[in-house]
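Engineer: A single structure is presented below for examination.
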Amino acid sequence: MSEHIVSPKIYLAIFTTLMAGTGITVWAAFQNFGKFNIVIALAIATIKATLVVLYFMHARYSPKRTQLVIVCSVFWLAIMLSLTLADYNTRRHEGRLVSATTYYRA
């Protein structure tokens, strides 16, 4: 069985993209997007994880059965995350942290 040879240019492009994604992650961490902070952080992390799985773990060039296992596991993860978020949304949030602009006097 012959293996697919990936060009070093592809690896360099993916590495550059991952470094840019890390920079965007750091920038986004210092921004206030309100309720969308976690959504933006997860979107960036998903894109970066997808690139790592596809190219550095060679899933892009793997057999169809391996790709099916990857797709099924991502689908299962989506089910588990949606159930977790559904449970989180049904709970009361009384003990929330105060905003960063609130000051306490000793």
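Laboratory data are not the source of any read-out in this text; all were calculated from the coordinates shown. As the structure is a computational prediction, the values presented were derived from the model and not from experiment. Every residue, glycine as well, gets a Cβ built from its backbone with ideal geometry; the counts of neighbours run over all protein chains shown.
Engineer: To the nearest 0.05, what FRET efficiency results for residue 56 and residue 82 with a Förster distance of 35 Å applied to their C-beta separation?
Structural biologist: 0.80
Engineer: With a 10 Å radius around each residue's Cβ, average the other Cβ atoms per peptide and rank 32-41, 51-60, highest first.
Structural biologist: 51-60, 32-41
Engineer: Report ³J(HN,Hα) in whole Hz for each residue of segment 56-61, in order, from the Karplus equation J = 6.51 cos²θ - 1.76 cosθ + 1.60 where θ = phi - 60°; Gly and Pro get x.
Structural biologist: Karplus-based 3J(HN,Hα) across segment 56-61 equals 7, 9, 6, 6, 5, 9 Hz.
Engineer: Evaluate the distance, in nm, between pseudo-label points positioned 7 Å from the Cα of residue 9 and of residue 47 along their respective Cα→Cβ axes.
Structural biologist: Placing both labels 7 Å along Cα→Cβ, they lie 2.3 nm apart.
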